[in-house]
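Undergrad: Pasting in a structure now, in structure tokens, and then I'll have a few things to ask.
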Amino acid sequence: MNPYVPNTLPLDSLDHGRLIRLIGPANAALARYDGLLQSIVNPTVLLSPLTEQEAVLSSKIEGTQATVDEVLEFEAGIEFDDVRKVNDIQEIVNYRAALILAKGALAKQSISLFLIRQMHGRLMNSVRGADKTPGQFRVTQNWIGPDNRPIEHATFVPPSPLNLQDYLEAFERYLNSDDVDSLVQVAIVHAQFELIHPFNDGNGRMGRLLIPLFLFQKRALASPMFYLSEYLEAHRDEYYARLRAISQQHDWTGWVEFFLTAITAQAKTNTDRVRGILDLYERMKQRISDLTHSQYAINVLDALFDRPIFESSNFIERSGIPRESAMLFLRKLREAGILRSLREKSGRRPGVFAFSDLVNCAEGRQIL
């Protein structure tokens, strides 16, 4: 199989007649979601569980087995005996760190090959694939196919490393140009990145990270907090089949149709989930105020939503509440059933608490 030769962008082969019926609903659904985001005073804090969920699901597509609650427990100091589980969790933590790095960078610059390399370095730091040149574009030929089988058995052979830099520079120019529609363009951006496959490992996660970042850059989102991995994980077979159809049959229109359908469905899901989190926030605001009778009630509330599984010492640090008051509040929240204990305090080791309602709300199911 010969190496894939990427299409020149922008594409001139899209069937816009087939896409027009999907473009409007996708943009409308995303706009409703973004309007909700803009109504939130601090979406980064309030919706942090959604970022955690995206990191979990994007990594799950690549084979990791950790869950949202396990990641939060790990970060709160719960120990896991399974080394493989710890490695999976670290991959997820790195994914979130790469997203945060890029969000900060986009306040001052556009998406660039340099930023993509920086993100990849953070993504692959000290995890599986860390020996595959993190933060550096590949200089050897790679391929996708059965494990431990030679290139002759490949199902896809990405572009030759000899031409890789030219393709990447063309990709960067397209990233910073305007196409017919921003959602059509982000569909093409994601697929083109996956097909160029510029890194030795981590290409899938990097390509999915580009989706909210590109929409943020295009001002289709007020914050890069639109996550598509839930839909892509649920439709994994079709996701990969549509990408293969581009490389094998040049079916870009079928891919964009799939992607726009994904945007519409996920925007609705995300909107419902954010509304659920906002409703929970409003209910808890009054309840915590009644329980604490304190000027620190909002500090307590925001700390719970920022990190719903936490050590007591970390809660004190993040909330800025004096230790004695903070410990009193934690005890009252636990007695009221708002918090549950995952690990009791023992000696110098702090207790670990979980705000289960928020974790379950973000996950869309009962996990704690």
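The values are calculated or read from the model by the stated rules, or taken from the named source; none is laboratory data. Keep in mind the model is a prediction, meaning the values are calculated, not measured. Cβ atoms come from the backbone with ideal geometry, glycine included; neighbour counts cover every protein chain shown.
Results for (1) more than 30 Å from LYS332 (Cβ to Cβ); (2) in contact (Cβ under 8 Å) with a residue 40 or more places away in the chain, shown as yes or no for each residue.
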| residue | (1), (2) |
| --- | --- |
| LEU210 | yes, yes |
| LEU213 | yes, yes |
| GLN249 | yes, no |
| TRP255 | yes, yes |
| PHE258 | yes, no |
| GLN266 | yes, yes |
| LEU278 | no, yes |
| ARG287 | no, yes |
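Undergrad: Filter the stretch 270-306 down to the residues that are of a type in the set (Phe, Trp, Tyr) and assigned to a helix (DSSP H, G or I), then identify the one that is surrounded by the most Cβ atoms within 10 Å (Cβ to Cβ).
TA: PHE305
Undergrad: Just checking, how many residues over the stretch 308-327 are in a strand (DSSP E or B) and either among the β-branched types (Val, Ile, Thr) or surrounded by fewer than 16 Cβ atoms within 10 Å (Cβ to Cβ) (or both)? Lay out the reasoning, then the answer.
TA: In the first step, residues of the stretch 308-327 are kept if they are in a strand (DSSP E or B); the result is 309-311.
Right, trim to either among the β-branched types (Val, Ile, Thr) or surrounded by fewer than 16 Cβ atoms within 10 Å (Cβ to Cβ) (or both) and you get 309.
Looking only at that region, the number is 1.
Undergrad: Identify all residues within the stretch 246-270 that are polar (S, T, N, Q) and in contact with a Gly (Cβ under 9 Å, 6 or more places away or on another chain); write none if there are none.
TA: The answer is THR269, and nothing else.
Undergrad: Consider the stretch 73-95. How many of its residues are aliphatic (A, V, I, L, M) and under 27 Å from ARG117 (Cα atoms)?
TA: Number satisfying all stated conditions: 4.
Undergrad: Within the stretch 339-351, take every residue that is surrounded by fewer than 21 Cβ atoms within 10 Å (Cβ to Cβ) and in contact with a Lys or Arg (Cβ under 9 Å, 6 or more places away or on another chain) and give me the one that is nearest to ASP279 (Cα to Cα).
TA: Within the stretch 339-351, the match that is nearest to ASP279 (Cα to Cα) is ARG340.
Undergrad: Of the residues that make up the stretch 17-40, is at least one in contact with a strand residue (DSSP E or B) (Cβ under 8 Å, 6 or more places away or on another chain) and more than 21 Å from PRO224 (Cβ to Cβ)? Don't jump to the end; show me each part of the working.
TA: The initial filter retains those residues of the stretch 17-40 that are in contact with a strand residue (DSSP E or B) (Cβ under 8 Å, 6 or more places away or on another chain), namely none.
There is no residue in the stretch 17-40 that is in contact with a strand residue (DSSP E or B) (Cβ under 8 Å, 6 or more places away or on another chain) and more than 21 Å from PRO224 (Cβ to Cβ).
Undergrad: Determine if the stretch 73-82 includes at least one residue that is surrounded by 14 or more Cβ atoms within 10 Å (Cβ to Cβ) and of a type in the set (Asp, Glu).
TA: Yes, the stretch 73-82 has at least one match.
Undergrad: Within the stretch 309-362, how many residues are of a type in the set (Lys, Arg) and under 21 Å from TYR281 (Cα atoms)?
TA: Here is the first cut: in the stretch 309-362, the residues of a type in the set (Lys, Arg) are 318, 323, 331-332, 334, 340, 343, 345, 348-349.
Subsequent filtering for residues that are under 21 Å from TYR281 (Cα atoms) retains 318, 331-332, 334, 340.
Number satisfying all stated conditions: 5.
Undergrad: Let me spell it out: the conditions are (1) closer than 30 Å to THR253 by Cβ; (2) in the same structural domain as PHE226 (by TED's automatic domain parsing), and PRO10 meets all of them except one. Which number is the exception?
TA: (2)
Undergrad: So in the stretch 211-264, with the set limited to residues that are of a type in the set (Val, Ile, Thr) and closer than 24 Å to ILE116 by Cα, which one is surrounded by the fewest Cβ atoms within 10 Å (Cβ to Cβ)?
TA: Kept after step one, since they are of a type in the set (Val, Ile, Thr), are these residues of the stretch 211-264: 211, 246, 253, 256, 261, 263-264.
Narrowing the set further to residues that are closer than 24 Å to ILE116 by Cα leaves 211, 246, 256, 263.
Working: ILE211: 25, ILE246: 22, VAL256: 28, ILE263: 26.
Taking the candidates together, the pick is ILE246.
Undergrad: Any residue at all in the stretch 161-175 that's aliphatic (A, V, I, L, M), over 18 Å from ASN200 (Cβ atoms) and over 22 Å from the mean Cα position of the chain (by Cα)?
TA: At the first step, the residues of the stretch 161-175 found to be aliphatic (A, V, I, L, M) are 162, 164, 168, 170, 175.
From what's left, over 18 Å from ASN200 (Cβ atoms): 170, 175.
Filter again for over 22 Å from the mean Cα position of the chain (by Cα), leaving 170.
Yes, the stretch 161-175 contains at least one residue that is aliphatic (A, V, I, L, M), over 18 Å from ASN200 (Cβ atoms) and over 22 Å from the mean Cα position of the chain (by Cα).
Undergrad: Looking only at residues in the stretch 247-295 that are in the same structural domain as ALA31 (by TED's automatic domain parsing) and among the aromatic types (Phe, Trp, Tyr), which one is nearest to the chain's Cα centre (by Cα)?
TA: For the stretch 247-295, the residue satisfying everything is PHE259.
Here's the yes/no breakdown for (1) more than 24 Å from MET119 (Cα to Cα); (2) surrounded by fewer than 19 Cβ atoms within 10 Å (Cβ to Cβ); (3) at pLDDT 90 or above:
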site: PRO6; (1), (2), (3): no, no, yes
site: GLY17; (1), (2), (3): yes, yes, yes
site: ALA26; (1), (2), (3): yes, no, yes
site: VAL41; (1), (2), (3): yes, yes, no
site: GLU52; (1), (2), (3): no, no, no
site: VAL56; (1), (2), (3): no, no, yes
site: SER59; (1), (2), (3): no, no, yes
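Undergrad: On the given criteria, is TYR231 modelled with pLDDT under 95, among the aromatic types (Phe, Trp, Tyr) and more than 15 Å from ILE188 (Cβ to Cβ)?
TA: Against the criterion (modelled with pLDDT under 95, among the aromatic types (Phe, Trp, Tyr) and more than 15 Å from ILE188 (Cβ to Cβ)), TYR231 does not qualify.
Undergrad: Residues that are farther than 22 Å from LEU14 by Cα: list the helices (runs of 4 or more DSSP H) wholly contained in the stretch 87-201 that include at least 1 such residues. Write out each step before concluding.
TA: Details: elements: 113-123, 164-175, 182-196.
Counting at least 1 such residues, we get 113-123, 164-175.
Undergrad: Touching a strand residue (DSSP E or B) at 6+ places or on another chain (Cβ under 6 Å) and hydrophobic (A, V, I, L, M, F, W, C) - does that describe any residue in the stretch 325-342?
TA: There is at least one residue in the stretch 325-342 that is touching a strand residue (DSSP E or B) at 6+ places or on another chain (Cβ under 6 Å) and hydrophobic (A, V, I, L, M, F, W, C).
Undergrad: Conditions first: (1) closer than 29 Å to GLN165 by Cβ; (2) more than 17 Å from the chain's Cα centre (by Cα); (3) at pLDDT below 95. PHE114 passes all but one, so which condition is the exception?
TA: Only one criterion in (1) closer than 29 Å to GLN165 by Cβ; (2) more than 17 Å from the chain's Cα centre (by Cα); (3) at pLDDT below 95 is unmet by PHE114, namely (3).
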